[in-house]
Amino acid sequence: MCLAIPAKIVAINGEEAVAEIQGVRRKIIVSLINEPRVGDYVLIHAGFAIRKWSEEDVREFNEIVGGEDIIGRSQKSVASNQNVEGKIKKTE
């Protein structure tokens, strides 16, 4: 049985991206989808983005599985990460 999970792309660098899944960030490969952009929702399987999803698709998924809201969680995590990044001291 195969399992793919929805995630939100938060950064892209060529064919690699960082996707957020319920507050956890993972590196993924986006070469299999057309025109990936930051903010896109994608289905991830084995580290590869295999399909784009709409916000409505993600909401429906959350209702079916009864999991945490990936959309709301992503927005909260971004705000939290920005707050933390402002407190990190850079060292050289």
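We did not get these values from a lab; they are worked out from the coordinates using the rules stated. The model shown is predicted, which means the values in this text are computed figures rather than measured ones. We place every Cβ from the backbone using ideal geometry, glycine too, and count neighbours over all the protein chains shown.
Modelled spin-label separation between ILE21 and ILE5, with each label point placed 7 Å from Cα along the Cα-to-Cβ direction: 0.4 nm. On the basis of the beta-carbon distance and an R0 of 22 Å, GLU35 and PHE61 show a calculated FRET efficiency of 0.50.
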